[in-house]
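Following: one structure in structure tokens, then a few remarks.
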Amino acid sequence: MATFYLVRHGEADYSEMLEKGFYGFGRSFAPLSEKGIGQAEAAATDERLKSAELIVSSPYTRALQTAAIISRETGLKLCVEVDLHEWEPDKTNQYTTSEEAFSLTREFNLHKGVYPEGQEMKWETLEEVRKRMRKVADKYAGYNKVIFVGHGMAFRTLTYIEQMKPAEIVECIYHTGQEDCEYSFY
């Protein structure tokens, strides 16, 4: 049993990515906005985080930047886990507009993350995200307390929470092999 502090990244600024035509996977390079930096700095002072042993981050810029701010405040080692990345609206990363990404997200929500019978969709299923996230969580389940910095949609598969605000912290008691975490918001 481990306590995981799930920290959603701070608010991102996608303007430069859009100006450069970085769609699909290119949106992963978006840094935090000034507001997002402030959100991450505020989250980093949360007393619970100071008792953690390690920070594990998504490889996406907005999450890494949030994790770096927390690492600076807590003095904790920062590790990157590729599988802690955000849900993929298009597994081929071929979408070229925000509207297309939003459309794929609506489609995912309409079908509750499960492909309609006999159909193959572009997006990553809820079960695919859950397996990926549980693989990462299982890897760190031997620690007492770990900070995970990542993405709300991906964290939903560990906790079944509906939504996380930018830089929000959800405390999660994780048991290997258990269906989901016991969690609480602060």
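The values are calculated or read from the model by the stated rules, or taken from the named source; none is laboratory data. None of the values given here were measured: they were computed from a predicted structure. Using ideal geometry, Cβ is built from the backbone for each residue, glycine included, and neighbour counts are taken over all protein chains shown.
Brief remarks on what is shown
- Residues located in the range 1-17, provided they are more than 17 Å from Thr66 (Cβ to Cβ) and either outside any helix (DSSP H, G or I) or aromatic (Phe, Trp, Tyr) (or both): Met1, Ala2, Thr3
- Top-ranked residue of the range 1-11 - restricted to ones that are hydrophobic (A, V, I, L, M, F, W, C) and in contact with a strand residue (DSSP E or B) (Cβ under 6 Å, 6 or more places away or on another chain), ranked as surrounded by the fewest Cβ atoms within 10 Å (Cβ to Cβ): Ala2
- Qualifying residue in the range 54-72 (condition: assigned to a helix (DSSP H, G or I), over 16 Å from the mean Cα position of the chain (by Cα) and surrounded by fewer than 14 Cβ atoms within 10 Å (Cβ to Cβ)): yes
- The range 26-53, subset closer than 17 Å to Asn144 by Cα and of a type in the set (Gly, Ala, Ser), residue surrounded by the most Cβ atoms within 10 Å (Cβ to Cβ): Ala52
- Qualifying residue in the range 144-165 (condition: aliphatic (A, V, I, L, M), modelled with pLDDT of 90 or more, in contact with a Gly (Cβ under 6 Å, 6 or more places away or on another chain) and at negative phi): yes
- The range 105-135, residues that are free of Cβ contacts under 8 Å to residues at least 40 places away in the same chain, surrounded by 14 or more Cβ atoms within 10 Å (Cβ to Cβ) and either at positive phi or aliphatic (A, V, I, L, M) (or both): Gly113, Met121, Leu126
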